[in-house]
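Enquirer: Questions regarding the structure given below will be posed in turn.
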Amino acid sequence: MRHIDTSPLYRTSVGFDRLFSLLDSVTAENTAPSFPPYNIERTGENAYRITMAVAGFSETDLDIETKNTVLTVKGGKTDERKENVEVLHQGIAARSFERRFQLADHVEVVNATLELGLLHIDLVREIPEAMKPKKIEILKSNNSTLEIESKNLN
C-alpha cells in the first residue's frame, strides 16, 4: 500500500489532527494481530455490531473497556492443564489477545453478549440535541423593526 503524506494538511488546517492521525495509522504497515477474527456490521442507521470469534473464552476471561474513543477488548486464559494429561497436538488457540477499535464521536457501547463462542458488542451513535441540525424559521420583516434599528445607529 502506498503511503500518503498528510503533512501539508497539518500546515493548512486546525483541529483535524485526530483525523489525520487516524489516516496515518490506517495507511501504515499492517502489523495488527489477526487473532481473534471479527466482523463489523451495520445493524441500523445509527447502530453497529462487532462480532468476535472467542471460542473457549468465558465471560470471566474477557474484559471490554472504552476510554475516550477507543474500544479495547482483552482476553486472557489461565493455564488449566489437568494433571496426568499430555497434549499431543494443540490446535485450539487459548492465547491472550488485545484488540482495539477506534470509535467515531458519539458512538457508545450499548451491551455485550457471549453466545456460542461469539462475543457480540452492540454500539449506537447518539448525536446530542445541541449538535443536530435545527430548522430556523424566517420571520416577516416589518418597518417598525427597521425604524428601531436606524434610531439605535444614530
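Okay, residues lined up against (1) more than 26 Å from Gly56 (Cα to Cα); (2) modelled with pLDDT of 85 or more; (3) touching a Leu at 6+ places or on another chain (Cβ under 8 Å):
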residue	(1), (2), (3)
Lys82	no, no, no
Ile92	no, no, no
Arg100	no, yes, yes
Ala104	yes, yes, no
Ala112	no, yes, yes
Gly117	no, yes, no
Glu129	yes, no, no
Lys135	yes, yes, no
Leu139	yes, yes, no
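Enquirer: Determine, yes or no, whether Gly91 is part of a loop (DSSP other than H, G, I, E, B), surrounded by 11 or more Cβ atoms within 10 Å (Cβ to Cβ) and small (Gly, Ala, Ser).
Expert: no
Enquirer: Quick check on Val73: is it modelled with pLDDT under 90 and within 18 Å of the chain's Cα centre (by Cα)?
Expert: In short, no.
Enquirer: Related question: Among the strands (runs of 3 or more DSSP E) confined wholly to segment 35-76, which include 1 or more residues that are loosely packed, with under 11 Cβ neighbours inside 10 Å?
Expert: Once the strands (runs of 3 or more DSSP E) in segment 35-76 are filtered for at least 1 residues that are loosely packed, with under 11 Cβ neighbours inside 10 Å, what remains is 38-44, 62-67.
Enquirer: Regarding segment 78-85, can at least one residue be identified that is over 11 Å from Leu119 (Cβ atoms) and surrounded by 10 or more Cβ atoms within 10 Å (Cβ to Cβ)?
Expert: No, there is no match, as no residue in segment 78-85 is over 11 Å from Leu119 (Cβ atoms) and surrounded by 10 or more Cβ atoms within 10 Å (Cβ to Cβ).
Enquirer: Next question. Can you pull out every residue in segment 94-131 that is part of a loop (DSSP other than H, G, I, E, B) and closer than 25 Å to Arg42 by Cβ?
Expert: Leu103, Ala104, Asp105, His106, Leu116, Gly117, Glu126, Ile127, Pro128
Enquirer: With the structure loaded, tell me whether Ala112 is surrounded by 10 or more Cβ atoms within 10 Å (Cβ to Cβ) and hydrophobic (A, V, I, L, M, F, W, C) or whether it fails that test.
Expert: Yes: the conditions hold for Ala112.
The values are calculated or read from the model by the stated rules, or taken from the named source; none is laboratory data. Just so it is clear, the model here is predicted, and its values are computed rather than measured. With ideal geometry, Cβ positions are generated from the backbone for all residues, glycine too; neighbour counts draw on all protein chains shown.
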